[in-house]
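Everything below concerns the one structure shown next.
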Amino acid sequence: MSLLVVGLSHRSAPVSVLERAALSVDAQAKLLQDTLAAEPAAEAAVLATCNRIELYADVDKFHAGVAELSTLLAQHSGVGLEELTPYLYVHYEDRAVHHLFSVACGLDSMVVGEGQILGQIKDALARSQELHTAGKLLNDLFQQALRVGKRAHSETGIDRAGQSLVTFGLEQLAAGGSVEAWAEGKRALVIGAGSMSSLAAATLARAGVRELVVANRTLERALRLAEILADSGTEAAARAVPMADVTDELTRADVVVSCTGATGLVLTAEAVAAAVGRTTPPPPVRDTLAPPADPAATTGGDATGFEQHAAWLEKARGEGPAPAAARDGDAADGRTTSLALLDLAMPRDIDAAVHRIDGVRLVDIESLAEASADAPMADDVEKVRGIVSDEVAAFGAAQRAAHITPTVVALRTMAADVVAGEMARLEGRLPGLADKQRAEITQTVRRVVDKLLHAPTVRVKQLASEPGGAGYADALRTLFDLDPQTVAAVSRADHMNNENDDPNRGRA
């Protein structure tokens, strides 16, 4: 196994760098294809979320792999290699496995213990499978990571420490109070209809907002999400609007949550200033209102994923809008807030300059990163770390044992060929040998060969499962002069048999 991961996250890079390095779905596909075309890489997968960009690959050379993967990340992210390099981290072999398993358990998340990362890992695997860039190693790795993450959440209380970015963001907007008390009776605008936006809509509905408006570039997706909300049991009256109506809806909203796949701004400072009644907008910082890309491309899901989060919803009664008095609230800095904005997109959807507008409060990925640094960790985190360590050891042992198996099979095949050859030679010398005698001699020779090979083959499998045991397969091939092509043929046949035995193998 020569697993290599090169990446950057909220732990290694400032949000401003992560924002610039964010990859669209098309850019991710091109990165995967170019990585596979590069000489050191045989497999590749990209895990790109709002706070991490990681490139996984099976490489044959460590240093060449690091150089190539770093260069490819820089080329496709648009951030120069010299600028990007100080923020990159590198993990190799067991350390790379440990890193992904920790990520899957939420230990490396901005909000420790959050479970949404599992869906993002699943999406990353599905994307690499669709593009045929994931082979046996990455399929096994990512599927095991999903199992480890689920185990951590089922066997420990990591969920008590973790929460979604949506919940954490709303708590920051509530400024120390309960989200339910803060959200009750408010009018909310959710921009985007992917998994994160759907979760935001569900959370706001449960918290008690009076009205929910969903805006999306593809109106059908917004309609579907609004229909799910409307067929649920909250007090929120849900409806969908096209992106062209966002500016008008902004003037009526108390809370806005945005998470799209747009490469430019969705809400400018000018648009927000106009919505809160400011007569002199701040100087322009970026381009004017720009339509976002399909949010499914970034969030990796659609309203179907929301149904899992919204199982607790019943049927909406659709009462009228909240009174104007419900718009007012106090921010943590003492200013009266008439419009609360939560930007969960990377790159950002909402102009950072809106924080200069009176009556507006913005919480974005950068401020969430700062707030989460002071969040307490649950005792169960240590239990999860123990699970990760155990699973890394088991995965490494299984991979190393699997590496030796084709060599052992090739050795026994060679031994069987030797027995067959010697029996053929004996038949030539003793043509009158009775069938019973021939069978007895054949069986005796086979037992001798099996006994001679039993101890070394059992021992080499045991040794191969230990760290650094991969070299025993090479030693076995050298000692018995095994044909490398024969070993490779056994590996291919074994892989094909596994796929035929399990039709779901390799699927996310």
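Values for this structure:
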read-out	value
Search result, residues across the stretch 76-90 that are within 18 Å of V5 (Cα to Cα) and either of a type in the set (G, A, S) or free of Cβ contacts under 8 Å to residues at least 12 places away in the same chain (or both)	S77, L81, P86
Residues (aliphatic (A, V, I, L, M), surrounded by fewer than 22 Cβ atoms within 10 Å (Cβ to Cβ) and closer than 17 Å to S128 by Cα) located in the stretch 31-85	L36, A37, A38, A42
Which listed residue is of a type in the set (D, E, K, R) and under 43 Å from the mean Cα position of the chain (by Cα), from R400, R447, R438	R400
Qualifying residue in the stretch 148-159 (condition: farther than 30 Å from T218 by Cα, in contact with a helix residue (DSSP H, G or I) (Cβ under 8 Å, 6 or more places away or on another chain) and polar (S, T, N, Q))	yes
All positions within the stretch 107-117 that are open to solvent by less than 30 Å² (accessible area, probe 1.4 Å) and not β-branched (V, I, T)	L107, D108, S109, M110, G113, E114
Of the criteria (1) in a helix (DSSP H, G or I); (2) of a type in the set (A, V, I, L, M, F, W, C); (3) at pLDDT 90 or above, which one L342 fails	(1)
Search result, residues across the stretch 203-226 that are surrounded by fewer than 24 Cβ atoms within 10 Å (Cβ to Cβ), under 19 Å from G261 (Cα atoms) and free of Cβ contacts under 8 Å to residues at least 60 places away in the same chain	L219, E220, L223
Test: residue in the stretch 251-264 that is in contact with a helix residue (DSSP H, G or I) (Cβ under 8 Å, 6 or more places away or on another chain) and surrounded by fewer than 16 Cβ atoms within 10 Å (Cβ to Cβ)	yes
Meets criteria (touching a Leu at 6+ places or on another chain (Cβ under 7 Å), at pLDDT 95 or above and in a helix (DSSP H, G or I)) for L31	yes
Candidates A434, A415, A455, filtered to the one that is of a type in the set (G, A, S) and surrounded by 10 or more Cβ atoms within 10 Å (Cβ to Cβ)	A415
Residue satisfying condition, being closer than 24 Å to T260 by Cα, open to solvent by less than 10 Å² (accessible area, probe 1.4 Å) and within 15 Å of the chain's Cα centre (by Cα), within set A183, A96, A104	A104
Qualifying position, being of a type in the set (D, E), touching a strand residue (DSSP E or B) at 6+ places or on another chain (Cβ under 6 Å) and either at pLDDT 90 or above or surrounded by fewer than 19 Cβ atoms within 10 Å (Cβ to Cβ) (or both), among D349, D333	D349
Residues located in the stretch 403-419, provided they are in contact (Cβ under 8 Å) with a residue 60 or more places away in the chain and under 42 Å from the mean Cα position of the chain (by Cα)	H403, I404, T405, P406, T407, V408, V409, A410, L411, T413
Conditions (1) over 26 Å from A244 (Cβ atoms); (2) among the acidic types (D, E); (3) in contact with a strand residue (DSSP E or B) (Cβ under 8 Å, 6 or more places away or on another chain): number failed by E211	(1)
For G119: the one exception among (1) farther than 26 Å from V59 by Cβ; (2) small (G, A, S); (3) more than 15 Å from the chain's Cα centre (by Cα)	(3)
Filter result (surrounded by fewer than 19 Cβ atoms within 10 Å (Cβ to Cβ) and closer than 15 Å to Q28 by Cβ) within the stretch 123-159	A126, Q129, E130, L131, H132
Search result, residues across the stretch 246-278 that are among the charged types (D, E, K, R) and more than 20 Å from L170 (Cβ to Cβ)	D248, E270, R278
Selection from the stretch 6-16 of residues that are in a helix (DSSP H, G or I) and surrounded by fewer than 18 Cβ atoms within 10 Å (Cβ to Cβ)	S16
When residues of the stretch 126-179 are limited to those that are polar (S, T, N, Q) and free of Cβ contacts under 8 Å to residues at least 60 places away in the same chain, the one nearest to D380 (Cα to Cα)	S154
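Residue by residue, here is whether (1) more than 30 Å from H153 (Cβ to Cβ); (2) acidic (D, E) holds:
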{"residue": "V381", "(1), (2)": "no, no"}
{"residue": "S389", "(1), (2)": "no, no"}
{"residue": "I404", "(1), (2)": "yes, no"}
{"residue": "D417", "(1), (2)": "yes, yes"}
{"residue": "A424", "(1), (2)": "yes, no"}
{"residue": "E427", "(1), (2)": "yes, yes"}
{"residue": "D435", "(1), (2)": "yes, yes"}
{"residue": "R438", "(1), (2)": "yes, no"}
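One line per residue, one yes/no per condition, for (1) assigned to a helix (DSSP H, G or I); (2) closer than 28 Å to R147 by Cβ; (3) of a type outside the set (D, E, K, R); (4) out of contact with any helix residue (DSSP H, G or I) (no Cβ under 8 Å at 6 or more places or on another chain):
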{"residue": "H63", "(1), (2), (3), (4)": "yes, no, yes, yes"}
{"residue": "A67", "(1), (2), (3), (4)": "yes, no, yes, yes"}
{"residue": "S70", "(1), (2), (3), (4)": "yes, no, yes, no"}
{"residue": "V79", "(1), (2), (3), (4)": "no, no, yes, no"}
{"residue": "T85", "(1), (2), (3), (4)": "yes, no, yes, no"}
{"residue": "V90", "(1), (2), (3), (4)": "no, yes, yes, no"}
{"residue": "H98", "(1), (2), (3), (4)": "yes, yes, yes, no"}
{"residue": "F101", "(1), (2), (3), (4)": "yes, yes, yes, no"}
{"residue": "L107", "(1), (2), (3), (4)": "no, yes, yes, no"}
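The values are calculated or read from the model by the stated rules, or taken from the named source; none is laboratory data. Treat the numbers as computed from the prediction; the structure is a model and nothing was measured. Reconstructed Cβ throughout: ideal geometry from the backbone, glycine too, with neighbour counts over all protein chains shown. In case anyone asks, the SASA skips ligands and DNA or RNA and just uses the protein heavy atoms, side chains included. Shrake-Rupley method; radii C 1.70, N 1.55, O 1.52, S 1.80 Å.
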